[in-house]
Amino acid sequence: MKVGSGATAHTVQVPVSALITSEFGVGVLANHTVHGGFPGGKLQSTLTRYVAAHPVATGVKVADWASNAETDLVNSISTGADAGRIAVMRKQLDTAADSFR
């Protein structure tokens with residue numbers, strides 16, 4: 001993802017584990033990975049759109065904005081044939097950031 005703007009913009013790598021930290025998010029990610037493969041491309045494109053809409057300044061800690069991005073990331077992989085399973089997980093698992101740690 002790109003951070004900063006103009007001449008100071010640069011690309012950084014952020015591990016998925018820093019972005020998806022809720023029990024629910026990790027459950028959805030695991031479910032998607034088991035039933036459809038790791039959704040790396042979908043997560044990357046969703047994060048790119050998120051950062052374009054919510055620019056991240058250089059030097060800002062991932063933890064300061066990741067919980068907001070997590071919602072978009074989890075929603076992007078919460079579609080398809082597993083909608084029923086995901087609805088059950090939403091009721092049973094904590095959706096708060098850092099609840100999986």
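Overview of values
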{"read-out": "Filter pass, VAL16 being closer than 25 Å to ASP94 by Cβ, at pLDDT 90 or above and over 15 Å from the mean Cα position of the chain (by Cα)", "value": "no"}
{"read-out": "Among the residues listed as THR33, THR79, THR58, THR21, the single one being among the β-branched types (Val, Ile, Thr) and either part of a helix (DSSP H, G or I) or on the phi > 0 side of the Ramachandran plot (or both)", "value": "THR33"}
{"read-out": "Which listed residue, of ALA52, ALA69, ALA81, is touching a Phe, Trp or Tyr at 6+ places or on another chain (Cβ under 7 Å) and without any contact (Cβ under 8 Å) to a residue 60 or more places away in the chain", "value": "ALA69"}
{"read-out": "Count of the range 52-101 residues which are polar (S, T, N, Q), out of contact with any helix residue (DSSP H, G or I) (no Cβ under 7 Å at 6 or more places or on another chain) and within 28 Å of VAL12 (Cβ to Cβ)", "value": "5"}
{"read-out": "Residues of the range 55-81 satisfying the condition of being under 18 Å from GLY40 (Cα atoms), touching a Gly at 6+ places or on another chain (Cβ under 8 Å) and surrounded by 11 or more Cβ atoms within 10 Å (Cβ to Cβ)", "value": "GLU70, LEU73, VAL74"}
{"read-out": "Residue pairs meeting the criteria (Cβ under 6 Å; at least 6 apart or on separate chains; first touching a residue at least 24 places away in the same chain (Cβ under 8 Å), in the range 26-44; second part of a helix (DSSP H, G or I) and among the small types (Gly, Ala, Ser))", "value": "LYS42/SER76"}
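The values are calculated or read from the model by the stated rules, or taken from the named source; none is laboratory data. Predicted model only: the values in this text are computed from it and were never measured. With ideal geometry, Cβ positions are generated from the backbone for all residues, glycine too; neighbour counts draw on all protein chains shown.
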